[in-house]
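Working notes, beginning with the structure itself.
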Amino acid sequence: MSLASSRQDIERFRTAIIERIGLNFDDGRLGFLGEVLQRRLHRLGQTSDLYLQELERQPADKEFTALARELTVGETYFFRNIEQFRALAEIVLPARMNARRPISSLRLLSAGCASGEEPYSMAIVAKETIAEPGWNVEIRAVDINPAVIQKAQQARYSSWALRETPPDVQDKWFRPDGRDIVLDPSIRAAVEFTEANLAGDDPNLWRPSYYDVIFCRNVLMYFSAEQMRAVIDRVAKSLAPGGFLFLGHAETLRNVSDQFHLHHSHATFYYSVRDYAELVERPLVQIVPRSLSGSLEAAFDTPPVALDQTWYQAIAKATERVAALVPDRPRDDAPTAQPLLAWNLAPAFDLMRQERFADALNHIRARPSIASKDPDVLLLEATLLAHSGQLTAAEDSCLSLLLLDEFNAGARYVLALCREHAGEIERAMEHDRVASYLDPEFAMPRLHLGLLVARTGDRAQARRELGRALELLKREDASRLLMFGGGFNREALMVLCSSALKDNGGEP
């Protein structure tokens, strides 16, 4: 019998898992996949070639279940990322109740529920939030792994599973039973658990416009890009118009789907699905509806206010010190601009490289009409306008860009610069946070946020943001440094960041 020892066998195993189960494992986890494959071969007494042939055709239900046990991790805890549950209680459920008041019924789904802590947390929030009589709340929880489903149905947990649960919630909904903690029967009865493969097009699970809220947290990371888009497409079709989606705190729909609005409140991010008319007409994007949160609402009529130290002034004051530490030399990491869509942006990038921002802006403004809705053109225009101090016009360009791409991190960063100049530091920091969430590898909003936070006196948070920015600057894309670096190269920005980090008690 031949055990799985070759790279070719493991690659076939990985491909079959992606196609049949939807789970994706990068090259760093090939060793783990090899171990799983060896265990299955040993258990079944099969050769790798025979086993893989059967798996590639269609795995039997029993083998499908065994692989689900082997390949998924079910550890979680109650009220994980508790900010999301606060948003659920204070914003999402009231909004959906208003939408569903004629029928007084809500439907919630926990997709990838693991051992049940998430859907039970949702049930507790629903019990405590919906005080009006006559409301029916249906909560469905699904997972591919039958072992965790069985554990969830027992509703018995260790005290460690309640480590983030507020004491008053523990006292109300849990009771000790020997070494275990047992959930209140009313909460247990509120959730229906079933096995399901999110990668499958299950018509019973993915009913059109059925759910009001879907939690699908820390699940997308397991899928291939193609499977991820397919799952999110099913989620979008299964949510009622205006229904909400919660992802894991490090997951985003950027470059995955344009069928959702992004919301930010309670120090967390979540989404609502657009309705059909929005998808067809693409109206003005409102990132956070005024009725739900005022933290990011547009306020572009505020007159500029002179600040003691804006981002631009910080750059200017650092110029002499940076120049002394970083010799002026050609930017060997500067990109060679390529034509974008139907119009060549190379001249504008060349002018930016020479710090001839006004000339670059004139080139952008002379664009043909076909380039007027090119997101790259609009982003470059907004950046050049901000560089030249035309901040109201820069904000207008950002809004035009957000019409086309609501999840554009660059537009959010430029808006942060504009809001800072207007004296709205809190709003500027919000824009930086949104940009950092949308693109976790984007260094500039982290650097800007760190400088702003330092001005508020929060040295600990400033150290965190600046430390992260310093790491990101080391590998930031050269074209973004050219566009957003204010005329400074990578080394100069790193020196600025290191100096600010040291000023706030950090170690560069």
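So what are region 7-71's ellipsoid semi-axes, whole angstrom, largest first, if each one is the square root of 5 times an eigenvalue of the alpha-carbon gyration tensor?
Details: eigenvalues 49, 35, 27 Å².
Working through the eigenvalues yields semi-axes of 16, 13, 12 Å.
Rounded to whole Hz and in sequence order, give me ³J(HN,Hα) for region 493-507 from the Karplus expression 6.51 cos²θ - 1.76 cosθ + 1.60, θ = phi - 60°, writing x for Gly and Pro.
Residue by residue, region 493-507 yields 5, 5, 5, 4, 5, 4, 5, 5, 5, 5, 4, 9, x, x, 10 Hz.
Out of the trypsin sites (Lys or Arg not before Pro) in region 159-194, which ones are loop residues according to DSSP with at most 10 other C-beta atoms within 10 Å?
Working: sites: Arg163, Lys172, Arg179, Arg188; in loops: Arg163, Arg179.
Passing sites in region 159-194 are Arg179.
To make sure I understand, if each residue's beta carbon is the centre and we count other beta carbons within 10 Å, what order do Trp135, Trp206, Trp160 fall in, fewest to most?
Working: Trp135 16, Trp206 20, Trp160 9.
Going from least to most buried by this count: Trp160, Trp135, Trp206.
For Leu239, list long-range residues whose amide hydrogen, built 1.01 Å from N in the peptide plane, is under 5 Å from its own amide hydrogen.
Ser209, Tyr210, Tyr211
Can you list the aspartates and glutamates whose alpha carbon is less than 17 Å from that of Lys172, not counting same-chain residues fewer than 8 positions off?
Glu117, Glu128, Glu164, Asp180, Asp184
Under 5 Å between amide H atoms, partner at least 5 residues away or on a different chain: which partners does Ile139 have, H built in plane at 1.01 Å?
Leu108, Glu192
Give the long-range amide H neighbours of Phe79: residues separated by 5 or more places, or on another chain, with amide H under 5 Å away, using H modelled in the peptide plane at 1.01 Å from N.
Distant-sequence amide H within range of Phe79: Ser121.
Give me a comma-separated list of calculated 3J(HN,Hα) values for region 33-38, in order, Karplus coefficients 6.51, -1.76, 1.60 applied at θ = phi - 60°, integers in Hz, x for any Gly or Pro.
So the J values, rounded to whole Hz, are 5, x, 5, 4, 4, 4.
So for region 82-281, Kirkwood radius off the Cα pairs, Stokes-Einstein at 37 °C and 0.692 mPa s: how many µm² s⁻¹? Please list the in-between numbers first.
Values: Rh = 17.4 Å.
Answer from the Stokes-Einstein relation: 189 µm²/s.
State the extension gain, in nm to one decimal, for the chain segment bounded by Leu50 and Asp168, taking 0.36 nm per residue of separation less the distance between their alpha-carbons. Let's see the in-between values first.
Values: separation 118, 0.36 × 118 = 42.48 nm, distance 5.57 nm.
Fully extending the segment from Leu50 to Asp168 adds 36.9 nm.
Quick one: work out Rg over Rh on the C-alpha atoms of region 350-508, Rh as Kirkwood radius.
Numbers: Rg = 15.4 Å, Rh = 15.8 Å.
Computed over Cα atoms, the ratio is 0.97.
Tell me, what ³J(HN,Hα) does each residue in region 78-83 have, in order and in whole Hz, if you take phi through Karplus 6.51 cos²θ - 1.76 cosθ + 1.60 with θ = phi - 60° and put x for Gly and Pro?
Per residue, the Karplus-derived 3J(HN,Hα) values read 5, 6, 5, 6, 4, 4 Hz.
No lab work stands behind these numbers, since they all come straight from the coordinates. Just so it is clear, the model here is predicted, and its values are computed rather than measured. Here the Cβ is made from the backbone with ideal geometry for all residues, glycine too, and neighbour counts use every protein chain on show.
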